[in-house]
Amino acid sequence: MKIFLAKDAGYCFGVRDAVNLAYDTAKRHGDVYMLGDIVHNENVVADLNKAGARVVKSLDEVPDGKPILFRAHGTLVETWDDAKSKDMNIIDATCPLVKEIHDEVLKLSKEGRKIIIIGDHGHDEVVGIASQVNDAIVVSNEKEAMKLRKMKRAGVVSQSTQTIENVQKIINIIMTKVYDLNFVNTICFPTKRNQDQIKDLAKECDVMIVIGSFTSANSKRLTMLAEEINKKSYQVTDADDINIEWFAGAKTVGLSAGASTPDNIINNVLDKIKTISENHEEMIYG
């Protein structure tokens, strides 16, 4: 059995840097506090908690003198202002590519454009993007796009982990609603790269495995892309979720992971799959 591991499976640089910063800050200060989970992966959150990275619901829960870490997804403008007014020790782990989306939104708004964000309602990143301006509109699917009113000027960005397919469908509809439209494609390059590898592997392999938490929109989106191409595509959170029956008769297996999946979980899943066949060959794809 040949096992193809996507070259860019797992942590993107923004998530890896944020997680490492959380560990380093906890070690340096004894504790570090975060508003919500640093990544959408329960295993990572549990490990960080053991290291001293605590999750809180509000800034008021942070003990005096302890650092507050703002996560890779981005943080509400109001929360930034509140933390600064309290002279808190802010550790900024915001992904640089998410910061670029914030900058693009501000530029579009200064042009007098209504801001439309293609993304998941309530997702941390989308909430942070929307907070950059007043009354931003979030559109998650074609049905919602169809309900948009006609407008003269609008600027459109997307959540960094959206699929290009979903964005294209929604943009095609928005184009019929807006006279003067400026669309900035803000799907980040690690997402594009990982999605392309997933689609290629799903075509070439008998079985496709995507590793990632079911709380991760990014991981679920990768699984959806694989399933559209290969019906034998499965999402797992870790090695314990692997079902040996999935691989009956399989000669090739594709393996990838969402941007919030750490290396150790990927390696554990890979090792479990290797035990299924005595004759296996592992290759990096991409």
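The values are calculated or read from the model by the stated rules, or taken from the named source; none is laboratory data. A quick note: this is a predicted structure, and the numbers were derived from the prediction, not measured. Glycine also receives a Cβ, built like all others from the backbone with ideal geometry; neighbour counts cover every protein chain displayed. Only protein heavy atoms, including side chains, enter the accessible area calculation; ligands, DNA and RNA are left aside. Shrake-Rupley method; radii C 1.70, N 1.55, O 1.52, S 1.80 Å.
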- Provide Rg over Rh for segment 178-286; use the alpha carbon set for both Rg and the Kirkwood Rh (inverse mean inverse pair distance). 1.05
- Item | the chain - accessible surface per residue (Å², probe 1.4 Å) | 47
- For segment 109-189, just the Cα atoms, rotate onto the principal axes and tell me the three extents in Å, largest first. 28, 26, 23
- Mind checking which of Ile117, Ile90, Ala72 is farthest towards the positive end of segment 55-167's charge dipole, using Cβ charges of +1 (Lys, Arg) and -1 (Asp, Glu) about the Cα centre? Ile117
- To the nearest whole percent, what portion of all C-alpha pairs in segment 1-111 is separated by more than 19 angstrom? 50
- Query: Taking the Cα centre of the chain as origin and charging only Cβ (+1 Lys, Arg; -1 Asp, Glu), how large is the dipole, in debye to the nearest 20?
  - Reply: 1040
- Message: Give me the net charge for the shell around Gly65: Cβ to Cβ below 11 angstrom, other residues only, Lys and Arg +1, Asp and Glu -1.
- Response: -2
- Item | Whole-percent carbon and sulfur share, accessible surface of segment 132-286, 1.4 Å | 48
- Query: Normalized C-alpha radius of gyration of the chain, against 2.2 N^0.38 Å?
  - Reply: 1.09
- Heavy-atom accessible area of segment 1-85 with neighbours in place, 1.4 angstrom probe: carbon+sulfur share in percent works out to 48
- Message: Can you tell me the length gained on complete extension of the stretch Met175 to Asn134, counting 0.36 nm per residue apart and subtracting the Cα distance?
- Response: 12.5 nm
- Task: Mind putting a number on the dipole of segment 1-135 about its Cα centre? Charges go on the C-beta only, +1 for Lys and Arg and -1 for Asp and Glu, and I need it in Debye to the nearest 20.
- Result: 400
- Have a look at Ala26, Ile38, Gly14 and report the one farthest towards the positive end of the charge dipole of segment 14-62, computed about the Cα centre with Cβ charges (Lys/Arg +1, Asp/Glu -1). Ala26
- Query: Okay, helix-only estimate at 222 nm for the chain: each DSSP H run of n ≥ 4 adds -39500 (n - 2.57), divide by all residues, round to 500 deg cm²/dmol; what do you get?
  - Reply: -12500 deg cm²/dmol
- Item | For segment 165-258, size of Cβ-based charge dipole, Lys and Arg +1, Asp and Glu -1, in debye | 320
- Task: With a 10 Å radius around each residue's Cβ, average the other Cβ atoms per peptide and rank 192-201, 131-140, highest first.
- Result: 192-201, 131-140
- For Ser277 and Lys150, FRET efficiency with R0 = 45 Å and r from the beta-carbon atoms, rounded to 0.05? 0.20
